[in-house]
Structure formats: C-alpha cells, structure tokens
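See below for the structure under consideration.
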Amino acid sequence: MKHKEKLVEFCKNLGFDLLGIVGPEPLEERLEVLVDRHKTGYNSNFENKDISLRISPHLILPGIKSILVLGLGYYPEAHFMDPSKAQVARYARGKDYHVVMREKMTQVVEFLKTQEGDFQYKIFVDSSPLIERFLAEKTGLGWIGQNTCFYTKTTGSWIFIGEILLTIDLGIHKADGISGVCHNCRICIKACPTGALEGGYTLNPHKCLAYVSQARGIIPKELRELMRHNLVGCDICQEVCPNNRGVLPCRNGDFKSMDFHNIDIKDMLGLSNTNFKRLYAGAAFGWCGKKVLQRNAIVLLGNQKKPDAISLIKPFLSNHDYKMRIHAAWALGQIGGSESKLLLEKRIVEETNLQVANEIKDAMDKIRQKTPHYS
Ligand code: SF4
Ligand code: SF4
C-alpha cells in the first residue's frame, strides 16, 4: 500500500490501540501446539475443530495477500462491586465488542476501498478459525503470557482482537521488537482457583471458569462453588498479573456506556424472553442466551446460601431441561434447611432422569450432613 501512514492514522482516529499487518503465510509453527491440544482434549467448543483451517489463511480467503490485525483496549473504570449482586468479567461490562469492533473494521475496509479500489475481504472478531492471539503476537506489537492472554504494553491483556483478511498486499507493518514479555513468574498459575492453567502457556478450557460459565451444558460440580458471585467470565489470572499493573481505563466510550456489573441475581431468574432481549441483547455476554445465564444465576444463589432464594429456584427443579434441574437441586443442597429438603424429597419421587436423581440424592445427603436432625 502506497500510503500506509494514512491507514494507520485512520485506524488511530477510530480508537484502535493495536494495528499490525502480517503476511498470509500458514501459521505452521503453531501446528504442534494445536495437535497437542486436540490430543489432550483441550479444545473448547468455541474453537474450530479443523486444525488445517486454524493455521491456513488461504483456506479461509483464497487469494489472500495481507492480514490487518486490530485491537481495542477495554479496561474499564473501577466500580463498586456489590457482593450481593452478580458480577461479570471486565470484557462484558460495556457494549458488545463484537458489534463495536465489526462496525469500526467495516469503516476501515471502506477507507481502504477509497485508496486501493475493489478487493475481497473477510472480517473476524472472535469468529475466525485462525488463532487470533497468535496473529496478534505475529505483529510484534505484543506478547502472550502464561495465562494464555495476549498483551500490549499500553492495554495489558485487556484488549479485544479482530482481523481483516484481504486480497490486497498492504505490506508488513510491525514494531521493531516486542514491547514487553511474560516474566514467567507463575503468579497467574498459582492464583487460578480451578487449576485450569497448567503452565507452559496451557489452558484447560474445561476447568476454566471463563469458558465454563459461557458454555452450554452442566457446570462440573467441583467448579460451581468456585464461581462465587461471577455470573459470566473470570478475570483472576489477569488481575494478578504484574504486566497489567498501571493499565489506564480505556478511552473508548462504547465500553463505558453500558455497565453490567452488579446484576440482580434474583431478577435474572424471573426474566421473560422479551425482557432478556431488551436488557442484554446489546451486551457482550448476550449471545450466551437466557438459559445459560439463568443456570449460572442458580449456581450463584447456591453459593449465597440464602433461604429466601428457595422459592425462586423451586420452579427450576421441575424445568423441562434436565440440566436446569441438576443445578437447581445442587443449589438447594447448598442452601439447605427443611424447605429445601422437602422440595428435593418430593422431586426425587417424580424424577425420571438418573443424572438428576443422583444430583438430588447428593443434595439431600449434603443437607443431612449439615443438619443430622432432619434425617
Ligand atoms: S479465567 Fe479464571 S479459571 Fe480461567 S484460567 Fe484464568 S483464573 Fe483460571
Ligand atoms: S502473572 Fe506472571 S507468568 Fe502469568 S502472565 Fe503475568 S507475567 Fe506471565
């Protein structure tokens, strides 16, 4: 591209904190890591299972010549966190970044068309088969930490990454050298409450609260208490990292305007579909859907152990979805007391699903252990 400075200026004016251009060569150096992850079962359901697609830009956009990697910092202002409310991870406290990033990236494509004429392109924000963190690292503008997050000097790990695959050659644009490094201090590994970080830049998604809280299905029993009051995501391994010290709140108003910290957990359980869409369709976690968030809210009520939540959990004990019944039974076991015990005893007589019946039995055992006089 003749006027790369103009592109850089345009992206800066849109508020991007990261801009790098890399070539379309296959990411062959990552093949071994991906194969290992596949073998160990460490792929998450959010990843494309086809390893060749994950490392081969030309399979995604034939004729590709450049990849423009863009990033937006999102570190929010500090908030008062009410321990009686549900919290969401920092990435999810503003507007849906998928929408924000895509809008800005579309403007970048329109700008490029005014400079370069017509070309083919594909925009990805969290939706690319390619490994975005690796592409970002390839720009030379940041690094990947042991917690597997991508960092830049100014945003720390609090950065959204997206990329535009292009059939025009923009030329390489990268910094002269990496602007920081992971200190290998292992603080993140020690701080992870679930042991999901195994060292060697390896994350087991099936143990990671950030993944588990957004995935459909049953939250493993051993992880439920560890969710504490976190409805969506987990920031612990980023909060403790020395490389995130001193990061300033982002300048982007989109990530300040919708604030989803301190969500009323009980309100979440009573939400209609219409109200769910009205309140959360524009949130970064809205895509998880009402059922996943209600499942998490039930777990959070179990963690709070307050008897006034029993009446809210009760309808979920006979929900048509057995997975909701499993979490409801667990939460009642956590709360305990005679009312929970009666509800569980009544339900186990009607329950036809073996997995739910076992969960109910475990919950009843838990109540008996805590209050032997109920036996
Ligand atoms: S996000 Fe939370 S659960 Fe996942 S690796 Fe980091 S600290 Fe562990
Ligand atoms: S906490 Fe230490 S080991 Fe973990 S990512 Fe940060 S610098 Fe690296």
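The values are calculated or read from the model by the stated rules, or taken from the named source; none is laboratory data. What you see is a predicted model, and the numbers here were worked out from it, not measured in a lab. Here the Cβ positions follow ideal geometry from the backbone for every residue, glycine too, while neighbour counts run over all protein chains shown. Accessible surface areas use protein heavy atoms only, side chains included; no ligands, DNA or RNA. Shrake-Rupley method; radii C 1.70, N 1.55, O 1.52, S 1.80 Å.
Quick look at the numbers
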read-out: Residue in the stretch 168-180 that is out of contact with any helix residue (DSSP H, G or I) (no Cβ under 6 Å at 6 or more places or on another chain), within 24 Å of residue 128 (Cβ to Cβ), charged (D, E, K, R) and away from ligand 2 (no atom under 16 Å from the Cβ) present; value: yes
read-out: Any hit, the stretch 198-210, residues being under 22 Å from residue 143 (Cβ atoms), assigned to a helix (DSSP H, G or I) and within 13 Å of ligand 2 (Cβ to nearest atom); value: no
read-out: Residue check, residue 264 in contact with a strand residue (DSSP E or B) (Cβ under 9 Å, 6 or more places away or on another chain) and open to solvent by 50 Å² or more (accessible area, probe 1.4 Å); value: yes
read-out: Enumeration of residues in the stretch 175-201 that are more than 9 Å from ligand 1 (Cβ to nearest atom), at negative phi and out of contact with any Lys or Arg (no Cβ under 8 Å at 6 or more places or on another chain); value: 175, 176, 177, 178, 181, 182, 183, 185, 187, 190, 198
read-out: Residue 94 vs. criteria within 16 Å of ligand 2 (Cβ to nearest atom) and in the same structural domain as residue 22 (by TED's automatic domain parsing); value: no
read-out: So residue 266, is it assigned to a helix (DSSP H, G or I), over 19 Å from the mean Cα position of the chain (by Cα) and not assigned by TED's automatic domain parsing to the domain that holds residue 88; value: yes
read-out: Residue match in the stretch 225-246 (condition: modelled with pLDDT of 95 or more, touching a Cys at 6+ places or on another chain (Cβ under 6 Å), more than 9 Å from ligand 2 (Cβ to nearest atom) and not assigned by TED's automatic domain parsing to the domain that holds residue 331); value: no
read-out: Sole residue being farther than 30 Å from residue 303 by Cβ, touching a Leu at 6+ places or on another chain (Cβ under 9 Å) and at pLDDT below 95, chosen from 7, 70, 61, 31; value: 7
read-out: First in the stretch 236-254 and open to solvent by 20 Å² or more (accessible area, probe 1.4 Å) and of a type in the set (Val, Ile, Thr), second anywhere and within 7 Å of ligand 2 (Cβ to nearest atom) and outside any loop (DSSP other than H, G, I, E, B), Cβ under 7 Å, 6 or more apart; value: 240/187; 240/188
read-out: Some residue of the stretch 88-95 being within 16 Å of ligand 1 (Cβ to nearest atom) and among the charged types (D, E, K, R); value: yes
read-out: Helices (runs of 4 or more DSSP H) completely within the stretch 43-161 that count 1 or more residues being open to solvent by 50 Å² or more (accessible area, probe 1.4 Å) and closer than 23 Å to residue 215 by Cβ; value: 97-116, 132-138
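The rows are residues; the columns are (1) in contact with a Pro (Cβ under 8 Å, 6 or more places away or on another chain); (2) closer than 30 Å to residue 286 by Cα; (3) not hydrophobic (A, V, I, L, M, F, W, C).
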residue: 161; (1), (2), (3): no, yes, no
residue: 164; (1), (2), (3): no, yes, no
residue: 168; (1), (2), (3): no, no, no
residue: 199; (1), (2), (3): no, no, yes
residue: 204; (1), (2), (3): no, yes, yes
residue: 208; (1), (2), (3): no, yes, no
